[in-house]
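Notes follow the structure.
The values are calculated or read from the model by the stated rules, or taken from the named source; none is laboratory data. If you're wondering where the values come from, they're calculated on a predicted model, not measured in any experiment. Cβ sites come from the backbone with ideal geometry, for glycine too, and all protein chains shown count toward neighbours.
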Amino acid sequence: MARIGVLGPGGIGGLLAARFGAAGHDVTVVATEASAAALTVRGLHLTGPDGATTVTRPLARPWLTDPVDLLVVAVKATDLLPALARVPAAVLGGATLVPFLNGVDHPALLRAAYPGAVVVPASIAVEATRHRAGVIEHLSPFADIVVANGTPAGAAAVDLFASTGLRVTGHPDESAVLWRKLAFLAPLALSTTVADAPIGPARTGHPERLRALVEETVAAAGTAGVDIDADAVAARLDALPATMQSSMLKDRRSGRPMELDAIAGPIVRALGADRAPATAEVTGAILAAT
């Protein structure tokens, strides 16, 4: 049994906290005061794709006060800096820190904030929604995790995540882990948000725009030395359930801050707006409509 901390019990963080708890690990959830109180009183309810609900009771606190072996960081990129104030570096110490954040820039920030910790970037492909504090719904028929396992801490993290029953693979190159996620996420998030529609209508209404977003993200990954097959990414997007919504679309519809810089920013910064016209145009249209 490992001591697992989860910073941010939203859709992804709540899903992972519930799965770790159900697997018998000692789970501490770090959340806002209101969310911590709700989890303490009601527990954590996770409904899976099959409709079955699992209830676990992690320890919930507004700050991390006791050591953990592994800390999952699952907040939005827009909430990262204030959320880190809830996890003192002195308490985290030399733990393994696994961020499930969008974009490619956060590992450097986390290493600067927690010099004693071992930062192990990871990605997850899933659709999960937090309906209210402590109530999580896993909507997609998949939940696939990729962990950068090029260090002993990364290899150990693969085993820990695999203990939850989720599908987990490792990859030795953390840049590849981050860019391969972004190559899928950026076209999904940007196309659905600009269309104000799930992926089905977004891909049938503007297939050429979706393909351009894929190719630009793949080209940006290439500047970081990461080789990605654009056709394979397009095939994954084409295979998604037509009703699947991106988290960015959900944020826009609910009036929450969108992760535009974390998702579109790395592409435009890598290529320049002139070589990423679809990404720049879509980002501008989303901003104009906000």
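Of the residues making up region 244-266, none is of a type in the set (Ser, Thr, Tyr) and at pLDDT 95 or above.
Residue 145 meets each of the listed conditions (1) free of Cβ contacts under 8 Å to residues at least 40 places away in the same chain; (2) over 22 Å from residue 263 (Cβ atoms) apart from (2). Being within 18 Å of residue 75 (Cα to Cα) and either in contact with a Leu (Cβ under 9 Å, 6 or more places away or on another chain) or loosely packed, with under 14 Cβ neighbours inside 10 Å (or both) holds for only one residue in 242, 289, 262, 235, and it is 262. Name the residue that is surrounded by the fewest Cβ atoms within 10 Å (Cβ to Cβ), counting only residues in region 86-102 that are among the β-branched types (Val, Ile, Thr) and under 17 Å from residue 9 (Cβ atoms). Among residues in region 86-102 that are among the β-branched types (Val, Ile, Thr) and under 17 Å from residue 9 (Cβ atoms), the one surrounded by the fewest Cβ atoms within 10 Å (Cβ to Cβ) is 87.
Condition check for residue 72 on (1) in a strand (DSSP E or B); (2) over 30 Å from residue 220 (Cβ atoms): one failure, at (2).
Could you pull out the residue among 79, 105 that is farther than 17 Å from residue 181 by Cβ, in contact (Cβ under 8 Å) with a residue 40 or more places away in the chain and not assigned by TED's automatic domain parsing to the domain that holds residue 180?
79
Being within 12 Å of residue 124 (Cα to Cα) and of a type in the set (A, V, I, L, M, F, W, C): is that true of residue 190 here? Considered against the rule, which asks whether it is within 12 Å of residue 124 (Cα to Cα) and of a type in the set (A, V, I, L, M, F, W, C), residue 190 comes out as no. I'd like to check something: does region 17-33 contain any residue that is farther than 21 Å from residue 159 by Cα, in contact with a strand residue (DSSP E or B) (Cβ under 9 Å, 6 or more places away or on another chain) and part of a strand (DSSP E or B)? There is at least one residue in region 17-33 that is farther than 21 Å from residue 159 by Cα, in contact with a strand residue (DSSP E or B) (Cβ under 9 Å, 6 or more places away or on another chain) and part of a strand (DSSP E or B).
From the list 265, 284, 225, the lone residue that is outside any helix (DSSP H, G or I) and small (Gly, Ala, Ser) is 225.
The set of residues from region 65-79 being surrounded by fewer than 20 Cβ atoms within 10 Å (Cβ to Cβ) and either farther than 24 Å from residue 258 by Cα or among the hydrophobic types (A, V, I, L, M, F, W, C) (or both) comprises 65, 66, 67, 69.
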